[in-house]
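Here is the structure we will look at.
The values are calculated or read from the model by the stated rules, or taken from the named source; none is laboratory data. Quick caveat, the model's predicted, so the values are computed rather than measured. Don't worry about glycine lacking a Cβ; one is built from the backbone with ideal geometry, like all the others, and counts go over all protein chains shown. Quick note on the areas: whole protein, heavy atoms, side chains included, nothing else; ligands and nucleic acids left out. Shrake-Rupley method; radii C 1.70, N 1.55, O 1.52, S 1.80 Å.
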Amino acid sequence: MQAAETARTPLFDGPEWTFELMEKARDAIEQIALEDLGLDVYPNQIEIISAEQMLDAYSCVGLPLMYQHWSFGKHFARDETLYRTGRQGLAYEIVINSNPCISYNMEENTMAMQTLVMAHAAFGHNHFFKNNYLFQQWTDAAGIHDYLAFAKNYIAACEQRYGLSAVEEVLDAAHALQSQGVFRYGRPPKPTSEELVAMQKVREGYESSQSVLDIWTDSTLGRDKLEQPEDASFSARRKQMNLPQENLLYFLEKHSPKLEPWQCEILRIVRMLAQYLYPQKQTKVMNEGCATFVHYYIINKLYEQGQITEGAFMEMLHSHTNVVMQPEYDDPRYSGINPYALGFAMMQDIRRICQNPTDEDREWFPDFAGNPDWRGVLRDAWANYRDESFIQQFLSPNLIRKFKLFTLTNDADLPNLVVSQIHNRAGYKAIRRDLAKQYDLAYLEPDIQVTDADLRGDRELKLTHTVRDGIHLDEEDQEEVLKHLRRLWGYGVRLDAVETASEH
Amino acid sequence: MHHFIDRRANPKGKSLGNRQRFLRRARENIKERVDQSVRGKSIQSGSGVPDGGEKVTIPARGLKEPRFFHSSKGGLRRHVLPGNKDFVVGDTIKRPQGGAGQGGRKASEEGDGEDEFSFTLTQEEYLEILFEGLELPDLVEKATVETETIGTRRAGLTTAGTPNNLNLVRTMRNSLGRRIALQRPTTKSQRDLEEQIAELEALDDRTPPQEDFLEALRKKLDGIIRKRKVVGYIDPLDLRYDTFVPEKIRNSRAVVFCLMDVSGSMQEREKDLAKRFFLLLHLFLERCYEHTELVFVRHTHHAQEVDEETFFYARETGGTIVSTALEKMKEIIEERYPPDEWNIYGAQASDGENFGNDSARCKKLLLNDLLPVSQFYAYVEIVDEAAEMLLNNPEAGEDLWQNYREVKAQAQHFEMQRVSQPGHIYPIFREFFLPKVKGAQYAGS
């Protein structure tokens, strides 16, 4: 197969791109992506946008349609200033987890960059979105555009009807709780049939008249049942309100004694988007690693086949090298571990372990060391892991040595930081565990749950922060968030910290 | 299935709504900064705000989006870092101050840790915030002064038009491009050839090769002439005309008289305060009128019209006779600014000291001559920093202040205030221009 393809004429020559050339390049990329790598992708919709539009897309968390809010304006203002003063470049691409998969290419890119970006986004990211279990389980790629359009229009209608300030107040509060607005472990309780009907009515009412915001009333939601006599005991409340509840936005939406139906719907919108974006937060290393591995493989293949010129190939490699650079901890450019670098290195390493395993690899990865189907091993990894579990399973001693990783322990009880592990035989397992933990959102984000709210008593909302390893919440911010929470709840809110036995 | 979509032509400014919400949200902070920036600015002959807008830095505090996140202090944490060179297990490192490199807020969303937030306000936004809620006094009267005429505005280039609208630069650029592309022979090449031919023709007896050569040259010349004829120097294709569209022009013009006391008692501090006031007034009027002119008059015991530079920076001392400045203003209005064509504004700054009974004369000049033709007149008295008493008690004051108080009693569009420090300027300026109760008109006008 390779031999027959070696003597092709290049797809393009020179920096200018045209739609014809992009079409040709895309076809060539697709052939390698599907037939060689065996990728499985959503249909692609590739859009060419200008720098300003890229800035727009940036500020709205990368989504093509978004409701309006001042914080997006703030991000736009800052990104624009940074960009105009040359202190920050723009991403070459943005890609959206949707079906069809939309990716944005900038008009300023050269043809070589457009090719690289298509391989990266339209095939690498696209495959990852379509196949990774988190995205499959938690996001609705086909429905997201409709939902975003609904959200945008709904919030605009609320602004019309209730005023900018009233809507802003709810959005500010909802945004403050966004990280606590996702279900981490289990699915939300299934909507009851009444809820489904009510939701349906809200949508329909909204679409037909755009004014029936009040339709989601207590009676359609069956909320009045709460008022029925019941055993007032704590355990009954816990059962009825699904306590403890980690999803604060969900809890407020369902149980706040104060919120109007339209305010609940806004909380719901913010919560739905937080949940939609949650898998992306959990898979930064894997997602970028997958896209980078795919583009690197494809451009090399294109070059081998004579489909791109040496000049174009050098340009792509230059860009690739910049992207996967990992400064060391004492380098002024160091700002944490680069997900592109780590993800790409791990995936290249998996391929190496399949093709040229050492004894060490065989010992550490008996399942796939020497497996001739490295493509299959990678596809399986892309589909079934998230950053934390991926690192825990696939980070090899070889890479730990290559990155010269070490663990620094910061114990407030000790006067100094301590180097607790280095890249030697004794340290591999611990470093791998520590690094994996560094990507575990459940560990990184504070664990705050609603533990009680007696709607028939003092109505105080009780939250519990489970403190791990003696790390408390930032107090200043905590106070601010609690103010927002009180606004949404309407009554007192108490946040208690509970220390768990530390897992040293 | 796949497709490409060209989105570049989509409407831009998708985030305009977000930007407006952001400005609305940050208004208080931005106002504060705009106010500060206006205090530090010097008056310029054009506008006080750069065309590209004004860079504003506001504290991120005001725009904070709080989240629950882990404190960067205390507890036990492990960080995996790349690039170990010679650490061995058990090595200790001093804890960096402020947790640098430890990334204490790793779990948080973007945007933390920044203390300041910089962005650029457009000029329009800047002025809008600066003068938010202010309006010109006597807008009604102003409208009667305005005349509307039909003017024209440039509206790009077309390929057809009248000769007087020919855009020479663009036409010649097209012509040059076409001549180069079609390889039109230059005048010089034709002339060279003609000279050569003339030279040959001048010879009495030509050898046969010379004959042949002459013949060839003639042929070549014919070719050149033909080509120059075919490829014209200017072709109708090259022509570009400016086009104009009619537009209503509102002929509202305003002149601002800046009258400043520069007598011995006015020191740098006093002049600086006066200058800030004039700057604000100028910026504000510039927003409302297409055309604003500034007239600078300075006075000691005699008044003179000066340029801006002299107005603010020249040193001259002498006694004080305030009325000379008012006389000067009256004189200039009569000479150059007929009140039926101009909106006239007066701004006067002084430390309030005046000679003898001149203050009564000032009152007369204002009431009889200046206020009837002015839209608005503001008097700012710059008092000593220690003169707390004067600031709080409008009834107390020197001769000039007392006389002006009488003017104020009779004229609604006359305002007076005292200031003693830069911070006072903007607030009193706002006070001058806050919307007044409607229907309050000067009886004498």
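For the range A:461-485, the tally of residues that are open to solvent by 40 Å² or more (accessible area, probe 1.4 Å) and in contact with a helix residue (DSSP H, G or I) (Cβ under 9 Å, 6 or more places away or on another chain) stands at 4.
Looking only at residues in the range A:320-351 that are among the charged types (D, E, K, R) and more than 11 Å from chain B (Cβ to nearest Cβ), which one is nearest to B:H79 (Cα to Cα)? Taking the candidates together, the pick is A:R333.
Checking the stated criteria, A:L444 turns out to be hydrophobic (A, V, I, L, M, F, W, C), without any contact (Cβ under 8 Å) to a residue 12 or more places away in the chain and crowded, with 16+ Cβ neighbours inside 10 Å.
Tell me yes or no: at least one residue of the range A:402-419 is over 28 Å from the mean Cα position of the chain (by Cα), open to solvent by 30 Å² or more (accessible area, probe 1.4 Å) and over 21 Å from B:S72 (Cβ atoms). No, the range A:402-419 contains no residue that is over 28 Å from the mean Cα position of the chain (by Cα), open to solvent by 30 Å² or more (accessible area, probe 1.4 Å) and over 21 Å from B:S72 (Cβ atoms). Within the range B:180-205, the set of residues being acidic (D, E) and surrounded by fewer than 14 Cβ atoms within 10 Å (Cβ to Cβ) comprises B:D192, B:E195, B:E199, B:E201, B:D204, B:D205. Just one residue in the set A:L435, A:L463, A:L473, A:L441 is within 27 Å of A:E260 (Cβ to Cβ) and hydrophobic (A, V, I, L, M, F, W, C); that residue is A:L463. Within the range A:410-430, the set of residues being under 22 Å from A:Q326 (Cβ atoms) and not in a helix (DSSP H, G or I) comprises A:N410, A:L417, A:V419, A:S420, A:Q421, A:I422, A:H423, A:N424, A:G427. I'd like to check something: does the range A:312-328 contain any residue that is over 19 Å from A:L39 (Cα atoms) and touching a Gly at 6+ places or on another chain (Cβ under 7 Å)? Among the residues of the range A:312-328, at least one is over 19 Å from A:L39 (Cα atoms) and touching a Gly at 6+ places or on another chain (Cβ under 7 Å), which makes the answer yes. Scanning the range A:66-75 finds one or more residues that are among the hydroxyl-bearing types (S, T, Y) and more than 7 Å from chain B (Cβ to nearest Cβ). Among the conditions (1) touching a strand residue (DSSP E or B) at 6+ places or on another chain (Cβ under 9 Å); (2) open to solvent by 10 Å² or more (accessible area, probe 1.4 Å), A:S103 misses just one, which is (2).
Looking at the range A:389-397, can you tell me whether even one residue there is without any contact (Cβ under 8 Å) to a residue 24 or more places away in the chain, open to solvent by 50 Å² or more (accessible area, probe 1.4 Å) and either farther than 23 Å from A:F135 by Cβ or in a helix (DSSP H, G or I) (or both)? Checked the range A:389-397: at least one residue is without any contact (Cβ under 8 Å) to a residue 24 or more places away in the chain, open to solvent by 50 Å² or more (accessible area, probe 1.4 Å) and either farther than 23 Å from A:F135 by Cβ or in a helix (DSSP H, G or I) (or both). Taking the range B:1-103 and the strands (runs of 3 or more DSSP E) fully enclosed by it, the elements with 1 or more residues that are modelled with pLDDT of 85 or more, over 30 Å from A:V167 (Cα atoms) and not small (G, A, S) are at B:2-6, B:76-81, B:92-94. Out of curiosity, is B:V322 surrounded by 16 or more Cβ atoms within 10 Å (Cβ to Cβ), among the aliphatic types (A, V, I, L, M) and modelled with pLDDT under 85? No.
When the residues of the range A:143-170 are filtered to those that are within 14 Å of chain B (Cβ to nearest Cβ) and under 30 Å from A:N384 (Cβ atoms), which remaining residue is surrounded by the most Cβ atoms within 10 Å (Cβ to Cβ)? Checked the range A:143-170; the qualifying residue surrounded by the most Cβ atoms within 10 Å (Cβ to Cβ) is A:L148.
If I filter the range A:379-388 for residues that are open to solvent by less than 20 Å² (accessible area, probe 1.4 Å) and either assigned to a loop (DSSP other than H, G, I, E, B) or within 8 Å of chain B (Cβ to nearest Cβ) (or both), do I get at least one hit? No, there is no match, as no residue in the range A:379-388 is open to solvent by less than 20 Å² (accessible area, probe 1.4 Å) and either assigned to a loop (DSSP other than H, G, I, E, B) or within 8 Å of chain B (Cβ to nearest Cβ) (or both). Any residue in the range A:343-353 that is in a loop (DSSP other than H, G, I, E, B) and touching a helix residue (DSSP H, G or I) at 6+ places or on another chain (Cβ under 9 Å)? No: the range A:343-353 contains no residue that is in a loop (DSSP other than H, G, I, E, B) and touching a helix residue (DSSP H, G or I) at 6+ places or on another chain (Cβ under 9 Å). The criterion of at least 1 residues that are more than 25 Å from B:I321 (Cβ to Cβ) is met, among strands (runs of 3 or more DSSP E) falling completely within the range B:338-440, by B:342-350.
Scanning the range A:459-479 for residues that are within 12 Å of another protein chain (Cβ to nearest Cβ) and in contact with a Gly (Cβ under 6 Å, 6 or more places away or on another chain) yields a total of 3.
Among the residues making up the range A:274-312, a single one is of a type in the set (A, V, I, L, M), open to solvent by less than 10 Å² (accessible area, probe 1.4 Å) and either closer than 16 Å to A:I94 by Cβ or out of contact with any helix residue (DSSP H, G or I) (no Cβ under 7 Å at 6 or more places or on another chain) (or both): A:A291.
For the range A:1-48, taking the residues that are of a type in the set (K, R) and surrounded by fewer than 20 Cβ atoms within 10 Å (Cβ to Cβ), the one that is modelled with the lowest pLDDT is identified as A:R8.
Is it the case that A:A453 is open to solvent by less than 50 Å² (accessible area, probe 1.4 Å) and either in contact with a strand residue (DSSP E or B) (Cβ under 8 Å, 6 or more places away or on another chain) or over 25 Å from A:R184 (Cα atoms) (or both)? Criteria met by A:A453. Residues in the range A:206-265 that are modelled with pLDDT of 55 or more and part of a loop (DSSP other than H, G, I, E, B): 12 in all. Can we say A:F406 is touching a Phe, Trp or Tyr at 6+ places or on another chain (Cβ under 8 Å) and on the phi < 0 side of the Ramachandran plot? When the stated conditions are applied, A:F406 passes them. Can you say whether A:D434 is more than 7 Å from chain B (Cβ to nearest Cβ) and closer than 30 Å to A:F394 by Cβ, as far as the supplied structure shows? Taking the combined requirement at face value, the residue does not satisfy it.
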